[in-house]
Structure formats: structure tokens, C-alpha cells
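First the structure, in the form of C-alpha cells, and then the observations on it.
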Amino acid sequence: MKDDIKQQLTELKAERKAVILAHNYQSAEIQEIADMLGDSLELSRKASAVDAEVIVFCGVAFMAETAAVLNPGKTVLLPRREAGCPMADMITPEDVIGIRKEYPGVPIITYVNSTAAVKAESTVCCTSANVLQVVESFRDADTVYLAPDQNLAKYAARHTRKKVLHWNGYCPIHHNLLAEDVVKVKRAHPEAPFLAHPECRPEVLDLADEIRSTSGMLRFVRESSLNAFIIGTEEGILTPMQRENPHKRFYTPEKRLICQDMKLTTPEDVVRALQTLQPRITVPEETRVKALQAVECMLALG
Ligand code: 13P
Ligand code: SF4
């Protein structure tokens, strides 16, 4: 990255009292300038504890919205306003109200990959790292509803005695990975365990040696004595994996898993956002307070 951009960012961050948060799927250049890197759960936690006046969220809209929900007094910037999540857009708040009417009394768990307005209508949120814990937290319920990701819900259903109803959303990137793609790469590298994200299809998860969130995968690779791994998630994760484990090898399926929304943000966008304090993400107060309850309820589970 150009030195003048780095210098500009250092000055702007000090001037604005800003912090840069980035998701594990962001480009290598963005990861380089981030103060904090993580998965959705870690970033939610960091956003709630952050000591800054401005949060620059390098990720997609639902993540910046979550930061805005948790930090009403702070300015939250999403350097590229159009960076969205197709899965988050597969469900509306009206849909959640409809689910509540159809299944009265059933806890509605929404994956953090959803809009603040959808979170506001739900009982609690979850991430890929804590979904099983959240499902089990409803000790007295024998049925829960999970939205919008059908694959995450099917994964949870296999690990609980509860009935898990679900919405039919999916992440187009992970859903596009098929069992045959995984079989092929496993055949080529039989020594390497296959690490899959729970947003993958059940047939793909059947082939997994480990099912983990992005940070869970990073932890697994760091702690493992093995030297080679097959990675079944968006390929931005390879940047921190290779940086942390320069002597380990990482293989990916031939079919590339790239989330275009996650790749939109550039360091120049971050500079511009800090100069102009735009695009700013805000959540209407009534929605924010209701969404906050669902997010805090999740964070309280530890
Ligand atoms: P995690 O980083 O929480 O595993 O989420 C993956 C994802 O799809 C974020 O958009
Ligand atoms: Fe959404 Fe999938 Fe992209 Fe994550 S990887 S932001 S779930 S489309």
C-alpha cells in the first residue's frame, strides 16, 4: 500500500479519534490498515467496547448497523454504502412479524447477518460462532425458529434435540459450494482436514472435519500440529491464515468463494470516509432499542 495513504490514515484516525474494524473476509490491504480484525461475534463485542468517537466498519451494511445499534453516541461509517449482504436482504421485518404470528411463543433467533429492523423483531441474535449456545439457551422451548440462513439452521438442528424451524435464506457464496467440489479437493489433498463454515450446505458439512466460524477456523489452524488444510469459506480468510502460519499450506476448492460485497472497500474509501464522515450508518431510535435487546441478549450469553 502507498506510504502516503498510510500516513494520511494515521493522521485522520488521530484527528477523528477513530478506530477501524474489519471482517476476516476483507481484502489484504484493508486487513493491513485495520485496528481490529475478527468474525461477526468478535466485531460485535469489539464494537460495544470500543473507546473512540468514530468507528469505521470495513465489512458489509449489517455489521455497521450492529455497531450503530451498540454505540448510539458514536459515528459509524461504512466506507462503501452499497456493500450489502444478499442473505440479509432475503428477509424483512414484516416476514419476522409473520413468523411470530404463525408460531406464537416460539423464540425467533436471527443470525447477525440481518438488518437492524429484522433484529428488532426477533427474540435474540446469534452468529456462526455461538448459534448452538443460543439455541440451547431456550431451556424451556422444544422448538425454535432460525432466520434467515437455512444452512445455519440445519446445522443447528443436527446438534440439538429441539426442533429448529427455519427461513429459506442462504449465503450465495457458501451455498454455491457443492459436495462434489469438496470431494475433488479432498481427493487431491487427502492429508488435509476440511474446515467448513456453517453457512455451507448440509451435504458439504457432512464432509467437514471441523465446522467453524471464520475466527474459529483461524484458531483451529493456529493450534493444530497439522501442516495442510482445505478451507471451505470465503477466501479473504486466507490472508490472516497465511500471515499467522507462514509454514502451513492452505488449499481451496476449484470453485472460488468470493463475496464481492466484502471486496468493495479500498483504503482510499476509508480515507474519504474519515475526511467526510460519510457514508454514515444510523438506525432509527425505536428500531435501535429493540434490536439492541436482541443483540445484548446474545452478548450476555458470553
Ligand atoms: P463469521 O465471520 O461470523 O463466521 O461470518 C461469516 C460471514 O458470512 C460474515 O458475513
Ligand atoms: Fe453475506 Fe455471504 Fe457475503 Fe457473508 S459471505 S456478507 S453471508 S453474502
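Every read-out reported here was derived from the displayed coordinates using simple, explicitly stated rules and does not represent laboratory data. Note that the coordinates shown come from a computational prediction; the quantities given were computed from them, not determined experimentally. Here Cβ is always computed from backbone atoms with ideal geometry, including for glycine, and neighbour counts include all displayed protein chains.
Pairs needed: first member in the stretch 245-265, farther than 18 Å from residue 174 by Cα; second member anywhere, charged (D, E, K, R) and within 16 Å of ligand 2 (Cβ to nearest atom); C-beta distance under 9 Å; at least 6 residues apart or different chains.
Sorted first by the residue in the stretch 245-265, then by its partner, the pairs are 264/80; 264/82; 265/80.
Considering only the stretch 19-57, how many residues are small (Gly, Ala, Ser), more than 13 Å from ligand 1 (Cβ to nearest atom) and in contact (Cβ under 8 Å) with a residue 60 or more places away in the chain? Working first, answer last.
Restricting attention to the stretch 19-57, the residues satisfying the condition of being small (Gly, Ala, Ser) are 22, 27-28, 34, 38, 40, 44, 47-49, 52.
Applying the additional criterion that residues be more than 13 Å from ligand 1 (Cβ to nearest atom) yields 27-28, 34, 47-49, 52.
Still in the list and also in contact (Cβ under 8 Å) with a residue 60 or more places away in the chain: 27-28, 48.
Going through the stretch 19-57 one residue at a time, the tally reaches 3.
Look at the stretch 29-70 and say how many of its residues are surrounded by fewer than 18 Cβ atoms within 10 Å (Cβ to Cβ) and under 17 Å from residue 292 (Cα atoms).
3
Please go through the stretch 212-244 and give me each residue that is free of Cβ contacts under 8 Å to residues at least 40 places away in the same chain, under 9 Å from residue 195 (Cβ atoms) and surrounded by fewer than 19 Cβ atoms within 10 Å (Cβ to Cβ), ordered by number.
Passing the criteria: only 220.
Can you list the helices (runs of 4 or more DSSP H) lying wholly within the stretch 208-298 that have 1 or more residues being within 12 Å of ligand 1 (Cβ to nearest atom)?
Working: elements: 214-223, 238-244, 267-276.
Hits in the stretch 208-298: 214-223, 238-244.
Of everything in the stretch 30-57, what is within 16 Å of ligand 2 (Cβ to nearest atom) and under 16 Å from residue 74 (Cβ atoms)? Give them in sequence order.
If the condition is that a residue be within 16 Å of ligand 2 (Cβ to nearest atom) and under 16 Å from residue 74 (Cβ atoms), then 43, 44, 57 are the ones that fit.
Could you tell me whether any residue of the stretch 242-250 is of a type in the set (D, E, K, R) and over 21 Å from the mean Cα position of the chain (by Cα)?
Filtering the stretch 242-250 for residues of a type in the set (D, E, K, R) gives 243-244, 248-249.
Adding the requirement that they be over 21 Å from the mean Cα position of the chain (by Cα) leaves 248-249.
Looking through the stretch 242-250, at least one residue is of a type in the set (D, E, K, R) and over 21 Å from the mean Cα position of the chain (by Cα).
Identify all residues within the stretch 1-28 that are farther than 24 Å from residue 238 by Cα, buried (at least 17 other Cβ atoms within 10 Å of the Cβ) and among the polar types (S, T, N, Q); write none if there are none.
8
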